[in-house]
Amino acid sequence: MRRVTVSVPARRYDAVVGAGVLAEVGGLLAGRRRAAVVSQPGVAAHHAGPVRDAIEGAGAATELFLMGEGEEAKVLATVEDLARGFAAWGLLRDDAVVALGGGVVGDTAGFAAACYYRGVDVVQVPTTLLAQVDSAVGGKTGVNLPEGKNLVGAFHHPLGVVADVETLASLPEREYRSGLGEVAKYALMDEEAAAGAAEILERETTRVLGRDPAVLAELVARCVATKAAVVEADPDERTGRRAVLNLGHTLAHALETAGGYDLFHGEAVAVGLVFAAELAGALERVEPATADRHREILTGLGLPVVVPGGALAAELLAVMARDKKARGGLTFVLPGSGGIERVDDPPSWAVERALRAVGVEG
Ligand SMILES: NC(=O)c1ccc[n+]([C@@H]2O[C@H](COP(=O)([O-])OP(=O)(O)OC[C@H]3O[C@@H](n4cnc5c(N)ncnc54)[C@H](O)[C@@H]3O)[C@@H](O)[C@H]2O)c1
């Protein structure tokens, strides 16, 4: 079991990472009266039992609150349903919410906890690879509006995070592989901070793909430590430091927004990582071989390194120009000798060359 401490002005908490560590939730909630466990049917069927047993073993009553799947369920109506369910059950201010699921559950239940009684404690129990390495740590919670993703939200740091890599065994294969795209982002973002996560992906590819709990525990803990360091440097997303987390995401978001590409988020990030390395190479920020290494690692993990079926540059450039992080023109987050940095308005020949390298023409 590994423990990564996250220290932000609002709170100091631990992310516990390991195989078979779900019972740690009990210790976090010892002394509480009630804990509302929020999950989805497909997750709860596998994992709610042990979580509720651990909490009840620590003396708190539990109730399971199920929400729907996907981005359509990450909405204010779900927050209202949850809050009304909490109230009907008698959840009070000193009680707690437990978010058991992927990023959709974590963001929605986290936001419900941030609002209910003007804030009750939440424990994040992430059960997807993306949620374990990314969304459960950092305190960002929120829901979507028809006008855009994550438009309503709050910073609400958890009481603790319990990332049990054994829960990943029940994830559908494509969901799991997609999560590896986000793992690769952390591993390649800051190889020193990620303490060899990239080498684990290279050396232990078979065990990673086989979801070996020992290797996963090591990998997830290193990614969490990398995320924790970024969050600590910019707890409220004010200094721009958190922008490094968007490595590979400018193109990924464009592919997701433009639609029609049949890519999961982590798959789009994988293509975006190669694009970012190619663009950084064209701008002589990194060695040209960097993009090849990224391609090799991502391909080994079964992730795409070009847009399947190709894409049209004009469409993606238009979407990227509208990216909310862009302040006019085009903004990218790119590797370089000084680390990951925001780069504004690179020359269009370089952008077009990098796009061509990931199968985007025209
Ligand atoms: N708060 C943040 O900082 C942050 C960061 C990154 C992403 N996000 C958000 O995370 C969301 C995406 O999260 P995600 O990729 O985890 O997707 P998700 O939560 O939709 O989960 C994917 C699918 O896997 C199922 N599932 C989850 N765990 C399972 C398990 N162990 N076994 C079987 N099935 C399981 C879910 O029910 C769902 O159908 C997006 O809404 C995104 O905006 C938030």
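Summary table below
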item: Subset of the range 87-108 (residues that are hydrophobic (A, V, I, L, M, F, W, C), within 16 Å of the ligand (Cβ to nearest atom) and in contact with a strand residue (DSSP E or B) (Cβ under 9 Å, 6 or more places away or on another chain)); result: V97, V98, A99, L100, V105
item: Criterion (at pLDDT 95 or above, of a type outside the set (A, V, I, L, M) and part of a loop (DSSP other than H, G, I, E, B)) met by exactly one of G49, G20, G27; result: G20
item: First in the range 177-189 and more than 16 Å from V230 (Cα to Cα), second anywhere and hydrophobic (A, V, I, L, M, F, W, C) and within 12 Å of the ligand (Cβ to nearest atom), Cβ under 6 Å, 6 or more apart; result: S178/F264; G179/L129; G179/L130; G181/V269
item: Hits in the range 75-106 - residues which are over 30 Å from Y176 (Cβ atoms), free of Cβ contacts under 8 Å to residues at least 40 places away in the same chain and assigned to a helix (DSSP H, G or I); result: E80, A83, R84, A87, A88
item: Filter pass, D134 being near the ligand (Cβ under 9 Å from one of its atoms), more than 15 Å from H46 (Cβ to Cβ) and of a type in the set (D, E); result: yes
item: First in the range 239-251 and free of Cβ contacts under 8 Å to residues at least 12 places away in the same chain, second anywhere and surrounded by fewer than 18 Cβ atoms within 10 Å (Cβ to Cβ) and part of a loop (DSSP other than H, G, I, E, B), Cβ under 8 Å, 6 or more apart; result: R241/D234
item: Qualifying helices (runs of 4 or more DSSP H) (wholly inside the range 187-240; at least 3 residues being among the aliphatic types (A, V, I, L, M)); result: 197-203, 213-233
item: Residue in the range 327-340 that is touching a Ser or Thr at 6+ places or on another chain (Cβ under 6 Å) and surrounded by 18 or more Cβ atoms within 10 Å (Cβ to Cβ) present; result: yes
item: Any hit, the range 109-129, residues being part of a helix (DSSP H, G or I), within 9 Å of the ligand (Cβ to nearest atom), touching a strand residue (DSSP E or B) at 6+ places or on another chain (Cβ under 6 Å) and under 22 Å from R11 (Cβ atoms); result: yes
item: Among the residues listed as A195, A254, A233, the single one being of a type in the set (A, V, I, L, M, F, W, C) and free of Cβ contacts under 8 Å to residues at least 12 places away in the same chain; result: A233
item: Hits in the range 162-176 (condition: within 12 Å of the ligand (Cβ to nearest atom) and not in a loop (DSSP other than H, G, I, E, B)); result: A163, D164, V165, E166, T167, L168, A169, S170, E173, R174, E175, Y176
item: Options A60, A99, A87: the member that is over 26 Å from the mean Cα position of the chain (by Cα), over 18 Å from A30 (Cβ atoms) and at pLDDT 95 or above; result: A87
item: Looking only at the range 267-283, and only at residues there that are of a type in the set (G, A, S) and closer than 13 Å to H253 by Cβ, the one that is farthest from the ligand (Cβ to nearest atom); result: A276
item: Filter result for G160 (at pLDDT 95 or above, within 17 Å of G18 (Cβ to Cβ), crowded, with 16+ Cβ neighbours inside 10 Å and in the same structural domain as G119 (by TED's automatic domain parsing)); result: yes
item: Selection count, the range 262-276, where residues are under 18 Å from T299 (Cβ atoms) and either free of Cβ contacts under 8 Å to residues at least 12 places away in the same chain or in a loop (DSSP other than H, G, I, E, B) (or both); result: 2
item: Number of the condition not met by E284 [criteria: (1) assigned to a loop (DSSP other than H, G, I, E, B); (2) crowded, with 21+ Cβ neighbours inside 10 Å]; result: (2)
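The values are calculated or read from the model by the stated rules, or taken from the named source; none is laboratory data. Quick caveat: nothing in here was measured; it's all calculated off a predicted structure. Here Cβ is always computed from backbone atoms with ideal geometry, including for glycine, and neighbour counts include all displayed protein chains.
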